[in-house]
1. Does segment 453-462 contain any residue that is within 28 Å of Thr341 (Cβ to Cβ), crowded, with 18+ Cβ neighbours inside 10 Å, in contact with a strand residue (DSSP E or B) (Cβ under 6 Å, 6 or more places away or on another chain) and in contact (Cβ under 8 Å) with a residue 40 or more places away in the chain?
2. Pick from Pro182, Pro199: which is assigned to a loop (DSSP other than H, G, I, E, B), at pLDDT below 95, closer than 12 Å to Asn136 by Cα and in contact with a Lys or Arg (Cβ under 8 Å, 6 or more places away or on another chain)?
3. Among what's in segment 131-150 and is within 21 Å of Pro377 (Cα to Cα) and touching an Asp or Glu at 6+ places or on another chain (Cβ under 8 Å), pick the residue that is surrounded by the most Cβ atoms within 10 Å (Cβ to Cβ).
4. Out of segment 151-179, which residues are assigned to a loop (DSSP other than H, G, I, E, B) and under 26 Å from the mean Cα position of the chain (by Cα)?
5. So if I check each of Pro99, Pro161, Pro153, which one is exposed (fewer than 14 other Cβ atoms within 10 Å of the Cβ), in contact with a helix residue (DSSP H, G or I) (Cβ under 8 Å, 6 or more places away or on another chain) and of a type outside the set (Ser, Thr, Tyr)?
6. Taking Ser61, is it farther than 19 Å from Thr341 by Cβ, modelled with pLDDT under 95 and either among the hydroxyl-bearing types (Ser, Thr, Tyr) or in a helix (DSSP H, G or I) (or both)?
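The values are calculated or read from the model by the stated rules, or taken from the named source; none is laboratory data. None of the values given here were measured: they were computed from a predicted structure. Please note: Cβ atoms are built from the backbone with ideal geometry, for glycine as well, and neighbour counts cover all protein chains shown.
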Amino acid sequence: MKFVFGAIWILMGWSQPVHAGPLPGSWHADPSLFPKAYGIIADEHLMHPVDMSDWPVKIDSSHQLFVDDYLIASMNNVHRQVHPARKHRQNPLIVPDNPCDGQGGMNPLILRDEATGRFQHWYSAYHTLAANEKPNYVTCYAESDDGIHWTKPDVNLFKYPNTTANNIVVPDGRIRALFYEPRDPDPLRRYKALVLRYPNQATEGYYLHTSPDGIHWTQARQEPVAWSLKSVLAGGGYKLPQSGIGDSSTFRWDERLNKYIGDVKFVLPPIMRSRGIMESEDLIHWTRPRMMFYPDGLDDPDSQIYGHIGFAYESMWLGFLRVYHEIKAPASAKQTTVELTTSRDGRHWTRAGHREEILPLGRSDDWDAHYHNPGTPPLLVGDQIWIYYTSTPIRENKTGQRHCLGLATLRRDGFASLDATDPHGTVFTRPLTFNGKALYVNAQISKGGYLKAELRDCAGKAVGKYTLDRCTPVIGDVLRSQVLWGEQRGIEHDSSQSLRLVFELKNAKLYAFWIE
């Protein structure tokens, strides 16, 4: 990677810090490599150049998805399809319909109580000030019993404009991250939030707040826990080193990494938006942010990386990447589309498929034709993945913009599938080490199609009775179907030995498999 950053250093004309020693000779690189060289960051096979088709990989009983090539040794007559989420017929679910909503709710943060099924929603309400001032934000609250029909309760905490009969829970900033930690020994701190304030509201940055119920908030520290990127310079553009992180940064708790993760915005000179990642154990002390996503040679020339939110799902991590496009009239700038991203360690991310829109923009006259923002991790509700997002119609400027909340859904594991038509296709996995005894699949099989599976040893020889010709075909649209071999229901094997799976598909979509 040294040659990449050396190229950037030379091309952008960044000055050497006065306290630094001479740059190593290896930093002298061809500046024409920039910015296409950044493609190594987001491309799965450039990031991981070693062919590990014959290397064993250990799996647990969680669902194994096919959004990347991590488990695949080879495929024949099979292709990957990233699936667009299906928008709810009742969209938009929440619209700006009271004075404190301003121009509408942005950055949705939604939690669901697993015991009661109740949904809670915090959103940033945008209010335009004078042309030379930063926008003003308040954070509002809504709730729902079913996730479709929402109410905005009067919490009676803050006056706006002349009454406290409103749903404002933070009067001077926008909640950019929310954590529910019911095991915190202090009941007054079981909700935590990072609130972004702009210069007209306080020292610009992210402030730690705590709450017993998500409604009554107390600022926990006087100074920011993360500093925000200062405004654009008077002459246009940004400078290095960066003064902080950008206003579209998001934060989450990662149970697997046992860390708070900051998914942060960089703006590199002159004005090029990109994403970085940093970590913390306490929301106060953070690692140095490092580059995660940057527009590369496969992006349109007008593209920038505007936002990203990652989340753990089954055996891996997935994410939604917001790509910013400069759009000419009649639409305003900052149109954003949403792509799928993947990670196998929660720290290194790549862009899935062919960068398809997983959350498509609406038609030109729709309410969600312009500015998509899935600001919260999706929820698993029954056998569906619920993706909440805000968006706006196409507009010529910010005056009168209208941010509304919508919902889109996928089937469980339905982010992407391996597809085969007729004649059949075949998928060979890497050698798998596992303890389970029963193989299951999530698949959608059309009329006249089927799915079969076979077990092979590392030398490629079929194992015992687990052959394609003995396998009972899986048919239909199934979320959880056990693969059987005649009377042989379970898999009998030495768990210290790795086995390949071979899937044969005809007119079928394979979303996931797992062994339990």
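1. So the first thing to find is which residues in segment 453-462 are within 28 Å of Thr341 (Cβ to Cβ), and the list is none.
No.
2. Result of the check over Pro182, Pro199: Pro199.
3. Within segment 131-150, the first condition is being within 21 Å of Pro377 (Cα to Cα), and the residues that meet it are 139-150.
Subsequent filtering for residues that are touching an Asp or Glu at 6+ places or on another chain (Cβ under 8 Å) retains 140, 150.
Working: Cys140: 27, Trp150: 15.
The residue in question is Cys140.
4. The one that is assigned to a loop (DSSP other than H, G, I, E, B) and under 26 Å from the mean Cα position of the chain (by Cα): Gly173.
5. Details: Pro99 fails: in contact with a helix residue (DSSP H, G or I) (Cβ under 8 Å, 6 or more places away or on another chain); Pro153 fails: in contact with a helix residue (DSSP H, G or I) (Cβ under 8 Å, 6 or more places away or on another chain).
Just a single option satisfies the conditions, and that option is Pro161.
6. no
Table: residues versus (1) under 19 Å from Asp383 (Cβ atoms); (2) aromatic (Phe, Trp, Tyr).
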{"site": "His424", "(1), (2)": "no, no"}
{"site": "Arg430", "(1), (2)": "no, no"}
{"site": "Ala443", "(1), (2)": "yes, no"}
{"site": "Tyr466", "(1), (2)": "no, yes"}
{"site": "Gln482", "(1), (2)": "yes, no"}
{"site": "Gln497", "(1), (2)": "no, no"}
{"site": "Glu504", "(1), (2)": "no, no"}
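Let's see how each residue does on (1) in contact (Cβ under 8 Å) with a residue 24 or more places away in the chain; (2) of a type in the set (D, E, K, R); (3) more than 25 Å from Ser391 (Cα to Cα):
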position	(1), (2), (3)
Asp296	yes, yes, yes
Ile305	yes, no, no
Tyr313	yes, no, no
Trp317	yes, no, no
Phe320	yes, no, no
Thr341	yes, no, no
Arg351	yes, yes, no
